[in-house]
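The values are calculated or read from the model by the stated rules, or taken from the named source; none is laboratory data. Small disclaimer: the values here were computed from a predicted structure and weren't measured. Here the Cβ is made from the backbone with ideal geometry for all residues, glycine too, and neighbour counts use every protein chain on show. Remember, those area values only see protein heavy atoms, side chains included, never the ligands or the DNA or RNA. Shrake-Rupley method; radii C 1.70, N 1.55, O 1.52, S 1.80 Å.
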Amino acid sequence: QVQLVESGGGLVQPGGSLRLSCAASGSIFRGNTMGWYRQTPGKQRELVATITRDGTINTADSVKGRFSIFRDNAKNTVALQMDSLKPEDTAVYFCMGVWDLRVYWGQGTQVTVSS
C-alpha cells in the first residue's frame, strides 16, 4: 500500500500563487508517474500535470505557462507551483502516483481563488 498526503491548499486572490506538496509513503518501489488532478462539483476529475521518474512532464493546456510541477525521487515527493491563479482554478486538487501498475490518490486539498 502507498499513502499520499497533500498540503498547501487554501484561499488566494486572483493573480496570486500557491504551492501544493505531496509526500508518498509505504510500499514505494518501481514507481513511475506522479502528479496532480483537480475536480470541481459535478465535473470529472481532470489532469493538471504529471511527471515521470525521468522527468517527462505532461501539463494541461489550461495551466501551461502558469503551473509548474517538480519531483524529488529520493524523497518521493511531488510539488505543484501555481502562479497567476484564476477563479476557474478553484477546485479540489488531488495528488496521484503509480506504483506497481496501480494508481494511488491522496485525499485532496481545496484551492479557492477568489477576491
### Message
Looking for something at pLDDT 95 or above, touching an Asp or Glu at 6+ places or on another chain (Cβ under 7 Å) and either of a type outside the set (Lys, Arg) or surrounded by 13 or more Cβ atoms within 10 Å (Cβ to Cβ) (or both) - is there at least one such residue anywhere in the stretch 71-80?
### Response
no
## Note on the structure
Exception for Asp61 within (1) modelled with pLDDT of 95 or more; (2) open to solvent by less than 80 Å² (accessible area, probe 1.4 Å); (3) more than 12 Å from the chain's Cα centre (by Cα) falls at (2)
### Message
free of Cβ contacts under 8 Å to residues at least 12 places away in the same chain, part of a strand (DSSP E or B) and under 24 Å from Gln1 (Cβ atoms): is that true of Val98 in this structure?
### Response
no
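On the given criteria, is Glu88 open to solvent by 50 Å² or more (accessible area, probe 1.4 Å) and within 13 Å of the chain's Cα centre (by Cα)?
Judged against the criteria, Glu88 is not a match.
Could you list all residues from the stretch 1-11 that are assigned to a loop (DSSP other than H, G, I, E, B) and surrounded by 13 or more Cβ atoms within 10 Å (Cβ to Cβ)?
Correct list: Gly8, Gly9.
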### Message
Among the residues that make up the stretch 65-75, is at least one of them under 15 Å from Val5 (Cβ atoms) and of a type outside the set (Lys, Arg)?
### Response
yes
### One residue from Arg38, Arg19 being touching a residue at least 60 places away in the same chain (Cβ under 8 Å), surrounded by fewer than 21 Cβ atoms within 10 Å (Cβ to Cβ) and under 12 Å from the mean Cα position of the chain (by Cα)
Arg19
#### Entry: Tabulated pairs, the stretch 57-70, first more than 19 Å from Met96 (Cα to Cα), second of a type in the set (Asp, Glu), C-beta under 7 angstrom, 6+ apart or interchain
Arg66/Asp83
#### Entry: For Gly55: the one exception among (1) within 23 Å of Pro14 (Cα to Cα); (2) open to solvent by 30 Å² or more (accessible area, probe 1.4 Å)
(1)
### Query
Of all residues in the stretch 52-72, which are over 16 Å from Cys22 (Cβ atoms) and of a type outside the set (A, V, I, L, M)?
Asp54, Gly55, Thr56, Asn58, Thr59, Asp61, Ser62, Lys64, Gly65, Arg66
